1. Restricted to the stretch 70-101, and to residues that are of a type in the set (Lys, Arg) and assigned to a loop (DSSP other than H, G, I, E, B), which residue is farthest from the chain's Cα centre (by Cα)?
2. Which residue is farthest from the chain's Cα centre (by Cα), if the candidates are limited to the stretch 118-167 and must be within 22 Å of Asp63 (Cβ to Cβ) and β-branched (Val, Ile, Thr)?
3. Could you please let me know if Lys166 is among the basic types (Lys, Arg), at negative phi and in a helix (DSSP H, G or I)?
4. Is one or more of the residues making up the stretch 124-134 in contact (Cβ under 8 Å) with a residue 40 or more places away in the chain and under 29 Å from Ala280 (Cα atoms)?
5. Can you tell me which residue within the stretch 301-324, out of those that are more than 19 Å from Val253 (Cα to Cα) and part of a loop (DSSP other than H, G, I, E, B), is nearest to the chain's Cα centre (by Cα)?
6. Please find, among Asp75, Asp63, Asp91, Asp97, the residue that is surrounded by fewer than 18 Cβ atoms within 10 Å (Cβ to Cβ) and of a type in the set (Asp, Glu).
7. Among the residues of the stretch 314-328, is there at least one that is at pLDDT 85 or above, of a type in the set (S, T, N, Q) and farther than 23 Å from Phe215 by Cβ?
8. Would you point out which residue out of Ile107, Ile101, Ile153 is aliphatic (A, V, I, L, M), in the same structural domain as Asn77 (by TED's automatic domain parsing) and at pLDDT 95 or above?
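The values are calculated or read from the model by the stated rules, or taken from the named source; none is laboratory data. Quick caveat, the model's predicted, so the values are computed rather than measured. Cβ placement follows ideal geometry from the backbone for every residue including glycine, while neighbour counts extend to all protein chains displayed.
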Amino acid sequence: MLKFRWETEFKKTEIGEIPKDWEIKKLGELLRSLESGNRPKGGALAHNPNGILSIGGENINWDGSLELTECLRFDENFYKKLKKGRIEQGDILLVKDGATIGKLAYIKEVPEGKAMVNEHVFLLKSNGLKINSRFLFYFLFSEIGQQQIENSISGSAQGGINKSIKDNILVFYPPLPEQSCIATVLSYFDDLIEVKKRQNEILEKTAMAIFKSWFIDFELFRACPEQERGNYELVYNEVLGRDIPKGWEMKKVIDLCYIISGRGKYLIEASEGIYPLWGANGVLGYIDNYDLEGFSIITGRVGTIGKVFLVEGKYAISDNVLCIIPHQGFCVFFLYLWIKSQIDFESLNVGTSQPLITKTALGNEPILSPPPHILQSFHSLVEPLFQKIILNQKQIMTLRKIRDTLLPLLVFGKLRIEEV
């Protein structure tokens with residue numbers, strides 16, 4: 001049973017008030033090591049699809065989670081030769097330069113059992129006798145921690161973070177048992193979030209398998225007895241470069257939906273309010289008003305491209321995304337799965353300094369348009385899967401908001417845990 005009490009006695013420090021029985025320590029005092037990874041040189045640079053994960057800044061999301069679907073992999077021999085940069089359980093990843101500078105991730109379990117970081121990421125390896133590594137992660141993830149990380153960025157252009165953070169970042173330091181209690185409470189929410197995200201991955205893979213069976217391989221048609229096929233003869237389609245059922249139409253994406261761009265009226269790091277603000281990498285934060293309601297599909301317009309999200313409810317969109325809203329009566333689940341699996345976003349990129357996709361280019365992409373009764377049958381089959389996905393998404397957002405509310409109260413010592 002959880003028991004809390006409000007702290008009433010504080011003392012001032014150079015980075016804020018803390019309970020009288022807490023201390024302040026330099027980050028370097030609490031680490032076993034601070035190291036970054038490497039990248040193979042020369043011929044060894046070739047991507048090995050069966051190799052060891054090499055995690056970079058682009059694989060770390062704003063919420064501290066990892067996105068590894070497009071993570072580079074290198075030969076295991078390179079991994080074995082590394083003196084630094086091997087990921088271990090309990091490590092903290094900190095992006096030290098590039099577009100995602102300052103982002104953090106905590107390694108509860110090493111992905112696939114073996115993984116490394118590249119030269120753009122620091123590994124913070126905690127000294128377990130001095131600090132609870134997950135508590136340290138939550139402190140660095142807090143407003144005070146993030147501010148200190150931001151103040152550590154030096155240099156021109158994009159800048160970077162160097163090893164001076166060991167002396168420049170100060171950490172609130174409760175007694176070790178209290179650190180463990182704080183980490184236990186906050187990680188409870190993160191662990192629940194992770195479970196629901198994994199459920200959604202399985203549910204979406206199931207829906208995608210049905211989609212490909214029906215509309216890519218046409219297995220439903222092929223398995224049908226010849227006398228029951230009727231007019232469904234497979235004929236070659238030049239646009240797709242493969243057979244499709246005779247009589248099925250090919251259209252453009254814009255023929256089946258509306259495509260709108262987000263507007264630049266919101267702060268990128270929104271945090272207040274109840275409506276999610278969607279960006280190219282997912283939810284950026286929460287605001288007090290919304291632009292859209294109902295189902296739509298969101299994908300990156302500039303900066304980050306290629307990620308596709310199915311969104312439902314009331315929400316706002318940032319100026320770096322395109323929002324795709326199906327025409328009334330057209331199956332949003334079919335549209336989402338087609339866009340996610342059949343559109344090559346890299347081929348649509350017209351950016352120079354950074355990736356860029358236009359509404360026109362996306363709208364002109366070809367899309368199969370099955371007969372309405374086929375789409376209705378497909379919709380009825382996959383709708384329960386997506387309804388569960390949407391429910392999980394809403395629960396994830398609720399869990400994140402609770403965690404984000406508790407985090408500063410616990411990590412700053414305003415709310416003390418008496419019993420877990």
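1. Among those that are of a type in the set (Lys, Arg) and assigned to a loop (DSSP other than H, G, I, E, B), it is Lys83.
2. Ile165
3. yes
4. Yes, some residue in the stretch 124-134 is in contact (Cβ under 8 Å) with a residue 40 or more places away in the chain and under 29 Å from Ala280 (Cα atoms).
5. So the residue we want is Thr304.
6. On inspection, the qualifying residue turns out to be Asp75.
7. First, pick out the residues of the stretch 314-328 that are at pLDDT 85 or above: 314-328.
Next, only the ones that are of a type in the set (S, T, N, Q) stay: 318, 320, 328.
Next cut, farther than 23 Å from Phe215 by Cβ only: 318, 320.
Yes, because at least one residue in the stretch 314-328 is at pLDDT 85 or above, of a type in the set (S, T, N, Q) and farther than 23 Å from Phe215 by Cβ.
8. So the residue among Ile107, Ile101, Ile153 that is aliphatic (A, V, I, L, M), in the same structural domain as Asn77 (by TED's automatic domain parsing) and at pLDDT 95 or above is Ile107.
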